[in-house]
Each structure stands twice: as structure tokens, then as C-alpha cells.
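Just so it is clear, none of the values below were taken in a lab; they were calculated from the coordinates. Note that this is a predicted model, so its numbers are computed, not measured. Here the Cβ positions follow ideal geometry from the backbone for every residue, glycine too, while neighbour counts run over all protein chains shown.
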Ligand code: HH2
């Protein structure tokens with residue numbers, strides 16, 4: 001198993017699916033980020049717009065008002081990633097000290113993000129999503145979900161490189177829960193190793209997602225076990241970055257898994 005980096009989630013939103021409204025106050029969000037760092041996060045992913053199914057779109061001004069004070073407060077302490085699909089927000093976030101742009105639309109919403117990351121030498125996360133957050137869970141379909149996601153990520157990586165992003169600065173994410181039903185999510189996790197052929201680090205976000213609840217009926221606040229199981233199995237298949245809300249528990253799980261698989 002590769003030793004995955006933990007990306008801790010810092011949502012500065014009123015409506016995120018699992019922690020909406022908890023860290024809207026900048027001081028609370030910064031405090032939460034610092035706590036995640038202490039627990040073992042190597043990256044903090046700061047977001048000001050929810051991508052949950054049916055979420056309301058947020059204007060760039062409001063998104064920046066939410067995230068910029070938090071990035072300014074954390075950037076001296078941590079590697080910060082900005083979870084946005086808008087170049088204007090990404091630019092301001094990089095100015096405030098972020099060094100990674102996490103674009104869940106993989107440059108389809110705003111290709112300028114590629115130009116920006118190229119100019120600044122920032123890392124760019126390209127994620128797969130079928131449809132958009134308002135409609136993505138309405139009957140998603142694939143020929144072969146792993147092959148389709150792989151082809152999409154290869155194509156978006158070409159677009160990113162064409163806009164100026166160095167290939168070594170690109171990370172790829174199959175987008176668990178973004179336009180996928182339960183079987184699609186499980187198949188992607190089961191065959192994650194096939195995406196390693198793309199040659200770039202793989203980011204995986206299963207944290208508290210609804211596919212876990214579809215398996216055992218658990219509500220969103222009781223999905224830690226499923227988050228850990230899916231994250232560790234993803235790491236065993238080669239995931240290099242695990243995007244999680246519960247960093248302390250994920251860090252412990254990674255340590256134990258590593259101790260078993262690679263004894264000192
Ligand atoms: N999942 C969410 C948001 N951003 N980015 C990447 N690269 N991969 C993911 O799986 C991913 C992501 C959804 O989680 P969360 O941020 O907790 O919820 P919301 O979008 O409702 O704020």
C-alpha cells in the first residue's frame with residue numbers, strides 16, 4: 001500500500017451534506033483546520049460551495065467572502081487546497097496562500113483554471129462527474145464505469161496540459177458519488193487499480209457519502225466505519241490522497257494498515 005496523504009475537509013458553507021453550517025464563522029473554520037492538521041492531515045481542502053446533489057450555486061463574491069479569510073488563516077501552517085470551479089475564486093485563493101486547486105468539474109466549468117494553475121505552478125485536481133450537481137444522481141449510466149471514467153480523466157488531463165498545466169502537477173479523482181449509483185461507486189473502488197495506468201496520483205473521497213448509507217442504512221453522521229473501510233481499501237489499490245472529514249480516525253487506520261502490510 002502506498003502511504004496515502006490525508007486531505008482534511010474544511011467546508012465553509014451553510015449547506016454541505018455532512019457538516020453544513022458548522023464552520024461558517026472564519027475563526028471556527030480555522031480552528032477546525034488546525035485541529036485536522038494536528039490529527040495528521042497533510043493538506044486542508046477549503047470549500048465555499050457545496051457540491052451535494054441539488055445544492056444551490058453560489059456566486060464568486062460570496063464564495064470568496066467565505067473562503068479567503070480561512071485560507072489566509074491556514075496557509076502559513078498547512079498546504080491548502082481550494083475546492084472551487086471558478087477561476088476568479090481559485091486566483092484569489094492562490095494569492096491568499098493556497099497551492100492546490102481542486103476542481104470537481106475538471107476544467108469544464110471554467111477552463112481558465114488550467115491557465116491559472118499553469119502560470120502559478122499550482123497542483124490541479126481533476127475530478128470525474130457525470131452531469132452537474134443539480135442533476136447528477138438522476139439515473140446515471142455508463143458502458144463500463146471504470147473505462148468511461150478513465151477515458152474522461154485521460155481527456156481532461158490532455159486539456160489541462162494544453163492550457164499550460166505541467167503533467168507532474170495533475171492529480172486525478174474518479175469522483176465517488178458524483179453521477180454514480182451504488183454499483184458504479186463500488187465498481188470504481190473495486191477496480192481503482194486500473195486508474196493507476198493514467199500515471200498520476202489518485203485522490204479518493206468516500207467520506208460520509210451516501211453510498212455507505214445505501215449499503216447499511218446508516219445516516220450521514222454514522223458513516224465513519226464505512227469511510228474508513230473504503231478509504232483503506234482504496235489506498236491498498238493505490239490511492240495517494242484520501243479526502244476525509246475525520247482525520248484522526250483515518251490517520252490511525254492508515255498507520256495500522258501500514259504496520260500490517262509493511263512491517264518495520
Ligand atoms: N467530494 C466532495 C467535495 N469535493 N473533491 C474531490 N476531489 N473529490 C471528492 O470526492 C469530493 C470533492 C463532497 O464532500 P463535501 O465537501 O463534504 O460536501 P459538499 O460538497 O456538500 O460541501
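Backbone N atoms of segment 174-197 closer than 13 Å to the 7 Å Cα→Cβ label point of residue 261 belong to residues 192-193. Approximating the spin labels as points 7 Å out from Cα along Cα→Cβ, the residue 215-to-residue 57 distance works out to 3.5 nm. Relative protection proxy for 250-258, 83-91, from highest mean packing down: 83-91, 250-258 (other beta-carbon atoms within 10 angstrom). Taking the centroid of alpha carbons for each part, segment 219-254 and segment 186-211 are 12 Å apart.
When only alpha carbons of the chain are considered, Rg and Dmax amount to 17.0, 50 Å. Of interest is the spacing of the C-alpha centroids, which for segment 99-119 and segment 45-96 amounts to 13 Å.
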